[in-house]
Amino acid sequence: MKIEWIAPIGKDRYIIKTGEWRYQKPERNQEKCKKCGTCLIYCPTGSVYIEDDEYRTDYEFCKGCGICASECRADAIIMVEEVRE
Ligand code: SF4
Ligand code: SF4
């Protein structure tokens with residue numbers, strides 16, 4: 001499922017690419033992942049989704065807050081520096 005964040009600013013509405021805010025990003029170790037769904041529930045931007053029976057991150061909207069890494073009890077997610085070209 002693709003989610004687009006739409007924010008009202010003044011009288012108009014804008015799609016906000018919250019992924020552009022990120023200075024760090026989550027990386028998920030699929031071998032450690034227990035598929036509990038906690039990261040999906042806690043992600044404030046709805047950027048965690050399931051595909052091919054794996055939990056994944058939509059980096060277009062992940063803002064790099066680190067909540068998923070903090071809440072993962074399996075230590076399957078680490079935050080790494082975002083490198084932009
Ligand atoms: S919280 Fe951790 S173990 Fe649970 S689905 Fe997310 S990455 Fe996997
Ligand atoms: S870092 Fe924050 S925004 Fe990105 S997937 Fe994790 S909880 Fe969601």
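The values are calculated or read from the model by the stated rules, or taken from the named source; none is laboratory data. Keep in mind it's a predicted model, so treat the numbers as computed, not measured. Don't worry about glycine lacking a Cβ; one is built from the backbone with ideal geometry, like all the others, and counts go over all protein chains shown. With ligands, DNA and RNA removed, areas are computed over all heavy atoms of the protein, side chains included. Shrake-Rupley method; radii C 1.70, N 1.55, O 1.52, S 1.80 Å.
Listed values, structure above:
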quantity: Selection count, the range 22-43, where residues are in a loop (DSSP other than H, G, I, E, B) and open to solvent by less than 60 Å² (accessible area, probe 1.4 Å); calculated: 5
quantity: Restricting the range 63-85 to residues that are more than 13 Å from ligand 1 (Cβ to nearest atom) and of a type in the set (A, V, I, L, M, F, W, C), the residue that is most open to solvent (accessible area, probe 1.4 Å); calculated: V83
quantity: Residue list for the range 45-56, restricted to those being open to solvent by 20 Å² or more (accessible area, probe 1.4 Å) and near ligand 1 (Cβ under 10 Å from one of its atoms); calculated: I50, E54, Y55, R56
quantity: Tabulated pairs, the range 45-57, first touching a residue at least 40 places away in the same chain (Cβ under 8 Å), second in a strand (DSSP E or B) and away from ligand 1 (no atom under 11 Å from the Cβ), C-beta under 9 angstrom, 6+ apart or interchain; calculated: T45/W5; G46/W5
quantity: Test for Y59: is it within 14 Å of ligand 2 (Cβ to nearest atom) and either surrounded by fewer than 11 Cβ atoms within 10 Å (Cβ to Cβ) or at pLDDT 95 or above (or both); calculated: no
